[in-house]
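Here's the structure, in structure tokens; my notes come after.
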Amino acid sequence: MPTKKKTKAAWEKSMPEKQFNFMREILAAPSPIGLEAAMSYGVIKPHFEKIKHDSWAIHQFKGNAGIVLDTHPNDLDLPTVMVVGHADKIRMQVRKISDDGKIWINSDSFIPNVLVGHEVKLFPQNPEKPGEYKVIEGGTIEALGAIHFADIPTRTGEKGIKPEMLYVELQMHGEKAKEKLEELGIKAGDPIIFDRPIKRGFAPDSFYGAYLDNGLGCFTVAELAERIAKNPLKNVRMLFTIATHEEIGRFGATAIAGELVPDILIGTDVNHDYDAAPGISAKRMNTLSMGKGFTITTGAITSDYLNSLIEQACLENEIPLQRDMSGRDTGTDAMAAALAGFDCAAASIGFPIRNMHTISETGHTGDVLAAIHGMEATVRKMDAMNDGEGIKVTDLMNNHVRLDQAKSL
């Protein structure tokens, strides 16, 4: 008899168009650091409200626009798992307006050289109504003007662009150019973001654009919440969390985790495709490749026991997983409990992307889908542990790895 063909798993197939469009909507939300509500309140909160059960709750906060979908707000004794993505995007900021109409900017966490020539959106406040924002499109980031004005080392590429050379070109000219810009409400501190939606890429199941970091993490949290809503957990309380201020210190996740105090915290964020990283892939980094599955971080404050549960769940479900490592800091919201100063088992998962913190970040939908299904398999495994009674806090306490019990080779 002919061998029956195995049905392809979700991460082995192209992401359905409806799901891709939802991912694109999340990534498109204008949510620079400190102004994240466009994503958390504008896109994800309505999604949470649509999928939630009547007994579930949505938590909101005073000092940040983070939100949390809580599956068991009245069962606080259940072991609690918080899954965190961060809504904030790295942004540029207005630094000064000069008389000739240049809007000088800070480049934040971008390499200055990758910014020049790209279109941006600038968000000034209404000068007569503070707190009411407008959007200005059509500007580009510049630094040198024409090649004719650059010195020889800059022309040859021996010398790069310095952050203080960057400005937004809004084509304002003539007399009182500065005053005209100021009348629009533009002032120091106004946020600027790339004007670049994501698109499907040329290679199968690839996609590219701005701000995969970390709309992708928020997308996986939202998708995981929907999957759990269809078949709720009985023994585990889930906190589906959209955090803020990650790019400047993980402050949003730290505040939220400190308020809700989960037993387990999983940060979901982008990672690097080290195999394709220019100049370093063959030298000193562990192999991580776009399209080969999601990543799990070892080291830093991550829990080896929690990592082993994730790895076992993925082995049982044949979900592709890649292993990464960190030293003293994961660089993600997985650090939130440690930064907030309370006891918690933590893990950091990711998706290898290329060109992080540029306008052309590039990822693979299979890695994103693998992360969603890997997290679901993990929490369902937790829910079924201890003969169907679910994971216990004592499991976390009593299963720390004992290297003194390692078997000799």
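The values are calculated or read from the model by the stated rules, or taken from the named source; none is laboratory data. On a predicted model such as this, the values are computed, not experimentally measured, just so you know. Ideal geometry is used to build each Cβ from the backbone, glycine not excepted, and the neighbour counts take in all protein chains shown. Please note that ligands, DNA and RNA were not included when accessible areas were found on the heavy atoms of the full protein model with its side chains. Shrake-Rupley method; radii C 1.70, N 1.55, O 1.52, S 1.80 Å.
The table below gives the values:
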read-out: Accessible area in square angstrom per residue, the chain, 1.4 angstrom probe; value: 48 Å²
read-out: Cα-based Rg and Dmax for the chain, where Dmax is the largest Cα-Cα distance (Å); value: 23.0, 84
read-out: Sparse-neighbour loop sites [trypsin sites (Lys or Arg not before Pro); segment 12-75; at most 15 other C-beta within 10 Å; DSSP]; value: LYS13, LYS62
read-out: Gain in span if fully extended, LEU184 to LYS6, counting 0.36 nm per residue against the direct Cα distance; value: 58.1 nm
read-out: Surface share of carbon and sulfur [accessible, 1.4 angstrom probe, percent] for the chain; value: 51 percent
read-out: All-pairs alpha carbon distance profile, segment 181-281, 5 Å steps from 0, percent; value: 2, 8, 13, 16, 17, 14, 12, 10, 5, 2, 1, 0
read-out: Where the Cα pairs of segment 1-133 fall when distances are cut into 5 Å bins, in %; value: 2, 7, 11, 14, 15, 13, 12, 9, 7, 5, 3, 2, 1, 0, 0, 0, 0
read-out: For the chain, with +1 on Lys and Arg beta carbons and -1 on Asp and Glu, the positive-most of ASN64, GLN93, PHE110 along the dipole; value: PHE110
read-out: GluC sites (Glu not before Pro) restricted to DSSP loop in segment 41-142 with at most 16 other C-beta within 10 Å; value: GLU128
read-out: Percentage relative contact order, the chain, counting C-alpha pairs under 8 Å, at least six apart; value: 21 percent
read-out: Spin-label proximity, GLN93 to segment 35-56 - amide N less than 13 Å from point 7 Å beyond Cα toward beta carbon; value: 35
read-out: Computed [θ] at 222 nm, deg cm²/dmol, the chain (DSSP H ≥ 4; -39,500 (n - 2.57); rounded to nearest 500); value: -8000 deg cm²/dmol
read-out: Cα centroid separation - segment 354-409 against segment 194-246, whole Å; value: 17 Å
read-out: Cleavage-rule hits, trypsin sites (Lys or Arg not before Pro), segment 293-364, DSSP coil, Cβ neighbours within 10 Å at most 16; value: ARG328
